[in-house]
Amino acid sequence: MDESAPTPPMTADVLQPAGVPRSYSVRNIRIEPNLVLAPMEGVTDLTFRRLIRKIGGAGLTVTEFIASEGLRRGADKMEEMARIDPDEHPVAIQIYGRNPSAMAEAAKIVQDLGADICDLNFGCPSKKVCAHSGGSALLKDPELATEIVKAVRAAIHIPLTVKMRSGFDAENRNCPDIAWMCQEEGVEAITIHWRTRADLYSGTRAVDKIAVTKQRLSIPVIGNGDIVDYASAMAMFRDTGCDGVMIGRGAIKNPWVFQHVRGQMLGQPAVVVDAEEKRRVLIDYYESCRAWFRSDRGALGRMKKISNYFTHGLPYASELRTTILRSQSVDEAIGAVNRYFDDLAEWREKGRPAVE
Ligand SMILES: Cc1cc2nc3c(=O)[nH]c(=O)nc-3n(C[C@H](O)[C@H](O)[C@H](O)COP(=O)(O)O)c2cc1C
């Protein structure tokens, strides 16, 4: 080695493991960075997606799932769930259901609403959805799944994607077959959450079926499940060869996760998010909930849900969570958060007084 040669700069290529892609395309839509905000019912409405977009780092956002039957009936709630910002692109609207013609009609509405991508939910484990053969129940009913894909594909011209679990249960981890069918019928990207429906949110990390699917398919495959930081994102890329990763709960706990992962992929120094920034973002989010929900009660419910995740890792977080959970109004919750962060600043300087 020539000791006198200048040290090469630390480029992203040096830091990022070889072969990890930085983007993928769904037809003509480039997803860059290849980090996707997961659809989450009761979470990824317009207010939360705005928060994520403002912080940055996600290449694609997805709405919470929307019932195809409700959307085609023109239910106000469904239309509200499907609302997107004019500058929120690329964005996918996700729909679910079991009736092929209702799904096709809903997909047309999704297209008319200006979504870049229509995403079909083949993964929801909830009893309510599965009882009607929607969501992950479709993994057990390949014929119906095929009919749905065919009907939707024929109805819309925008790109169509599908999100699924790796199977219905441990004996039926058939996502490679369902994904293959989807590709053959014109679906243009597949996201796979490694868990089966039976796993719900536990189980041992088993990403092998994502890897098999990726090997078989020529369309992009996005890996999902338990990604919370750069290391877990890189592990998903490395272990499956996937084209992109999707992050769900990790983004509620830490809305900066996309920015962090992206930054590290590019070899940038880690951005430090201090307590004041967390306060600002949480209060901003509370205010946007207040503006979005029609009732104080609705806003408060959502704020409590998000705070349960968001406050993880903060000092004395359980006390803060309890105070927020007991709040009777938006103002009371905002007051509790402000008091907590004021106290935190003081505790940092003077130490926390002993609790009597
Ligand atoms: C509160 C919550 C709501 C969810 N709602 C949806 C949904 O509407 N559509 C969907 O496809 N998946 C939904 N999921 C599953 C997530 O999109 C994702 O697949 C799952 O949480 C695993 O990713 P994670 O480990 O990064 O959270 C939901 C998950 C959570 C925690």
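Values quoted throughout were computed directly from the atomic coordinates according to the rules given, and no laboratory measurement underlies them. Small disclaimer: the values here were computed from a predicted structure and weren't measured. Cβ atoms come from the backbone with ideal geometry, glycine included; neighbour counts cover every protein chain shown.
So here's what we get for this one:
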quantity	calculated
Environment charge at E349 (Cβ cut-off 15 Å; Lys +1, Arg +1, Asp -1, Glu -1)	-2
For C124, distant residues with modelled amide H under 5 Å away	G135, S136
Three-way shape call for the stretch 275-350 based on the alpha-carbon gyration tensor, with the a/c threshold at 1.5	prolate
Computed [θ] at 222 nm, deg cm²/dmol, the chain (DSSP H ≥ 4; -39,500 (n - 2.57); rounded to nearest 500)	-14000 deg cm²/dmol
At least 24 Å along the helix axis (C-alpha) and Kyte average at least -1.0, DSSP helices within the chain	275-292, 330-350
A345 versus D229: modelled label distance in nm, points set 7 Å from Cα along the beta carbon direction	2.8
Order of V272, V20 under a 10 Å beta carbon neighbour criterion, fewest first	V272, V20
The stretch 277-356 - percent relative contact order, Cα under 8 Å, separation 6 or more	28
Least to most buried among W256, W347 (fewest other Cβ within 10 Å first)	W347, W256
Surrounding net charge for F237, when Lys and Arg each add one and Asp and Glu each subtract one, Cβ distance under 12 Å	+1
The stretch 21-265 - percent relative contact order, Cα under 8 Å, separation 6 or more	19
Net charge, I29 excluded, C-beta distance under 14 Å - Lys, Arg +1, Asp, Glu -1	-4
Overall form of the chain per C-alpha gyration tensor (a/c, 1.5; a/b vs b/c)	oblate
